[in-house]
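Data block below; observations after.
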Amino acid sequence: RVFADRTEASRTLALEVAALVRAINDSGRSAVLGLATGRTPLPFYAELIRLHEQGELSFAQVITFNLDEYLGLAGEHPESYRAFMSRELFDHVDIPAENIHIPDGTVSPEDLSAHCAAYEAAIRNAGGIDFQLLGIGRTGHIGFNEPGSPRDSRTRKVELDPITRQDAAPAFGGLDQVPEHAISMGCGTILEARKIALLAWGKAKATIVREALTGPVTDQVSASFLQEHADATFYLDAEAGSEL
Ligand code: GLP
């Protein structure tokens, strides 16, 4: 779906997600949302906050799982995804702290695989992800599933692609400050979500969006796996959709 601009796309999706949360809550259970970071979801989170302030969306019965976290960063680090989520969404809505799940970037090497397994188990115990939000990296990654990530990969330690680290360098104040590894949900974890929306804005994403949507399904572009999902939609602005 190509929109005039990112505000219109974000507003449309926010209304859809709010309706989904209400419908799931009305059926008597919590809604489980998979959330993403990066610059792309910012206007979407702003719309969710607006709906919350207008009394149209409560997070009291929402459980969230974030896609990923930089390995080595504590939640207090301003570039950690934990800090990002607090700043951009959680501090502004009524979500109970215990409903928030983000991989722990400070986990020790010995505890890492148990931590990842526990993250997968927590998703399962919550009943699976109802709605998964995604951005897309220039390498075609979803979460931090860089080229070569298998279709059935699960939450694990990943090595960041040099392009991904370069793109993150300005925010970190230099390439040498960017972590080399992250913990990320796998492609398999993401593809199990019942409904998925991938957001992309701007000319810089147009080529990778085209490859993901119309190129071969390949582990070299993990977003291309979405072609095989039963309910995945790309929400694009005109620039990101300009090569389709
Ligand atoms: C990071 C995140 C991804 C995000 C990507 C794009 O790599 N782990 O989830 O999609 O950046 O970032 P941006 O939205 O800032 O372009």
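Only the coordinates and a few stated rules stand behind these numbers; no lab work does. Quantities reported herein were computed from a predicted structural model and do not represent experimental measurements. A quick note on method: Cβ atoms are made from the backbone with ideal geometry, for glycine too, and the neighbour counts reach across all protein chains shown.
Where does the charge balance sit around Ala31 when Lys and Arg score +1, Asp and Glu -1, over other residues with C-beta under 13 Å from its C-beta?
Value of the local net charge: +1.
Here each label is just a point 7 Å from Cα along the line to Cβ, and for Arg39 and Leu20 those points are 2.6 nm apart.
Lysines near Lys157 by alpha-carbon distance under 28 Å, same-chain residues fewer than 8 away left out - which ones? Within the straight-line limit of under 28 Å, Lys157 reaches these lysines: Lys195, Lys205.
Quote to one decimal, in nm, the extra length available between Thr106 and Gln54 on full extension: 0.36 nm per residue of separation minus the C-alpha distance between them.
On the way: separation 52, 0.36 × 52 = 18.72 nm, distance 3.68 nm.
Once the chain is fully extended between Thr106 and Gln54, it gains 15.0 nm.
Reported to the nearest whole Å, the Cα centre-to-centre distance from the stretch 139-203 to the stretch 58-106 is 17.
Taking Cβ atoms as reference points and 15 Å as the exclusive limit, the residues near Arg22 contribute a net charge of -3, counting Lys and Arg as +1 and Asp and Glu as -1. Its Cα gyration tensor gives the stretch 88-154 an equivalent ellipsoid; the semi-axes, largest first and in whole Å, are 22, 18, 14.
Rg and Dmax, both from the Cα atoms of the chain and both in Å, are 16.8, 49.
With viscosity set to 0.890 mPa s at 25 °C, what whole-number translational diffusion coefficient in µm²/s follows for the stretch 1-70 from Stokes-Einstein and a Kirkwood radius over Cα pairs?
Details: Rh = 12.9 Å.
The diffusion coefficient I find is 191 µm²/s.
Note down the relative contact order for the chain as a percent, whole number, built from C-alpha pairs under 8 angstrom at least six residues apart.
On the way: 476 pairs, mean separation 54.4, N = 244.
Rounded, it is 22 percent for the chain.
For the stretch 120-173, the Cβ-based charge dipole about the Cα centre amounts to some 100 debye (Lys, Arg positive; Asp, Glu negative; other atoms uncharged).
Length gained on full extension, Ala122 to Ala204, computed as 0.36 nm times the residue gap minus the Cα-Cα distance: 26.0 nm.
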